[in-house]
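For reference, the structure is listed below as structure tokens.
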Amino acid sequence: MGTFWITNQAPTKNCTHAYLSPFPQSRDNYNSTSYHSAVVYRGFWNVFMLLGVVTAVAAGFLIICAAPFTNHRLYKAGGGLFITSGILFALVVVMHVIWVQSVSDIKGYVDTRKKDCSYFTVNVRYGWSFMLAPVGLFFALFAGMLFLLVGHTIQIHTK
């Protein structure tokens, strides 16, 4: 029983990260930001995401400030910011799809790993948050158009 629990152990595993980077890497000194193109791509992705969140929050504040239906400019500004945030979030989603489907060398990764393990498979799956992102994009764009219409209607009725 002692030999089974103590001395009959499997060899230690060499775990590597599951992040697929399309840029060449050395196994000993791998840093995901060591390639300039990766830094630029991630930089744009992060900037678009941050700007999308900031514009959505600013649009919400402008709409809250315009709540008494008195200032049509605030509704139009809020609607424009919602449309801008929807466009920025669409860019983020498209950049993610491009990264996963086009830029990442999944075929090369599988071929490299099949040398060690012939039964190796890779499954690329998008999560629930990615599946719901187009719904959020639709509602951001819809809210933007709706608030632009509300601002236009208020402007027409106050003249």
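Residues that are assigned to a helix (DSSP H, G or I) and touching a helix residue (DSSP H, G or I) at 6+ places or on another chain (Cβ under 8 Å) within region 119-137 comprise PHE130, ALA133, PRO134, GLY136, LEU137, listed in sequence order. Total residues in region 40-65 satisfying the condition of being at pLDDT below 80 and surrounded by 13 or more Cβ atoms within 10 Å (Cβ to Cβ): the figure is 2. Taken as a whole, the structure places ASP116 among residues that are over 12 Å from the mean Cα position of the chain (by Cα), of a type in the set (D, E, K, R) and not in a helix (DSSP H, G or I).
For region 114-125: of the residues being out of contact with any Leu (no Cβ under 9 Å at 6 or more places or on another chain) and either touching a residue at least 12 places away in the same chain (Cβ under 8 Å) or of a type in the set (Lys, Arg) (or both), which is nearest to LEU81 (Cα to Cα)? That would be ARG125. Screening HIS152 with (1) surrounded by 13 or more Cβ atoms within 10 Å (Cβ to Cβ); (2) under 30 Å from GLY43 (Cβ atoms) gives one miss only, at (2).
The values are calculated or read from the model by the stated rules, or taken from the named source; none is laboratory data. This one's a predicted model, so the numbers in the text were calculated from it and none came from an experiment. Positions of Cβ are generated from backbone atoms using ideal geometry, with glycine treated the same way; all protein chains shown enter the neighbour counts.
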